[in-house]
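Student: Sharing a structure, written as structure tokens. Questions coming.
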């Protein structure tokens, strides 16, 4: 674990745009157990690809017309219990940070892992997220 003051700016990259941090397993279960609408879970990380690619992509994508109803984050290596519990919902995927998971009506519909993030620029990642939001989030609003 890193000293908390060192990671505060990395947390704030997401919280200042409205992402809700989940710091305990109980918080994860409360939010992901509510199987209504769409929810995105971001596994935040101290690594460079989170800072230079994932977080800027999320910031851009969340300005799109369609977006998840709820957006949460857990911080890998810091909020260990919450991160482990969130990953338990990512059925069929190995632990990865950073990563993003999109749920619709409680079902995992899209997963973006570190290998999908680390060699791409933030604009490309944001465009993929916008397409996923159009596919799953906008449709959830119309139904």
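The values are calculated or read from the model by the stated rules, or taken from the named source; none is laboratory data. Quantities reported herein were computed from a predicted structural model and do not represent experimental measurements. So basically every Cβ, Gly included, is an ideal-geometry build from the backbone, and we count neighbours across all protein chains shown.
Student: Would you check which residues across the range 68-91 are in a loop (DSSP other than H, G, I, E, B), farther than 20 Å from residue 135 by Cβ and over 13 Å from the mean Cα position of the chain (by Cα) and list them?
Tutor: Correct list: 77, 78, 79.
Student: Could you list, ordered by first residue, the pairs with Cβ atoms under 7 Å in which the first is in the range 125-139 and in contact (Cβ under 8 Å) with a residue 12 or more places away in the chain and the second is in a helix (DSSP H, G or I) and surrounded by fewer than 18 Cβ atoms within 10 Å (Cβ to Cβ), at least 6 apart or interchain?
Tutor: 126/60
Matching residues to (1) at pLDDT 95 or above; (2) over 15 Å from the mean Cα position of the chain (by Cα); (3) on the phi < 0 side of the Ramachandran plot:
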position: 19; (1), (2), (3): yes, no, yes
position: 30; (1), (2), (3): yes, yes, yes
position: 34; (1), (2), (3): no, yes, yes
position: 41; (1), (2), (3): yes, no, yes
position: 55; (1), (2), (3): yes, no, yes
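Student: Still on this structure: Which residue pairs have Cβ atoms closer than 6 Å, lie 6 or more positions apart in sequence or on different chains, and pair a first residue in the range 63-86 that is touching a residue at least 24 places away in the same chain (Cβ under 8 Å) with a second residue that is exposed (fewer than 15 other Cβ atoms within 10 Å of the Cβ) and in a strand (DSSP E or B)?
Tutor: Matching pairs, first to second residue: 72/20.
Student: Inspect the range 41-60 for any residue being farther than 23 Å from residue 8 by Cα and either touching a helix residue (DSSP H, G or I) at 6+ places or on another chain (Cβ under 6 Å) or in a loop (DSSP other than H, G, I, E, B) (or both) and give the result as yes or no.
Tutor: Checked against the condition, which is being farther than 23 Å from residue 8 by Cα and either touching a helix residue (DSSP H, G or I) at 6+ places or on another chain (Cβ under 6 Å) or in a loop (DSSP other than H, G, I, E, B) (or both), the range 41-60 yields no hits at all.
Student: For the range 115-127, check the following and say yes or no: at least one residue is within 18 Å of residue 74 (Cβ to Cβ) and at pLDDT below 95.
Tutor: Within the range 115-127, none of the residues are within 18 Å of residue 74 (Cβ to Cβ) and at pLDDT below 95.
Student: Taking the range 97-120 on its own, how many of its residues are in contact with a strand residue (DSSP E or B) (Cβ under 7 Å, 6 or more places away or on another chain) and not in a strand (DSSP E or B)?
Tutor: Result for the range 97-120: 4.
Student: What's the number of the only condition in (1) farther than 26 Å from residue 46 by Cβ; (2) loosely packed, with under 15 Cβ neighbours inside 10 Å; (3) touching a strand residue (DSSP E or B) at 6+ places or on another chain (Cβ under 8 Å) that residue 93 fails to meet?
Tutor: The single condition residue 93 does not satisfy is (1).
Student: Here are some conditions: (1) free of Cβ contacts under 8 Å to residues at least 40 places away in the same chain; (2) assigned to a loop (DSSP other than H, G, I, E, B); (3) over 28 Å from residue 4 (Cα atoms). Residue 94 meets all but one. Which one does it not meet?
Tutor: (3)
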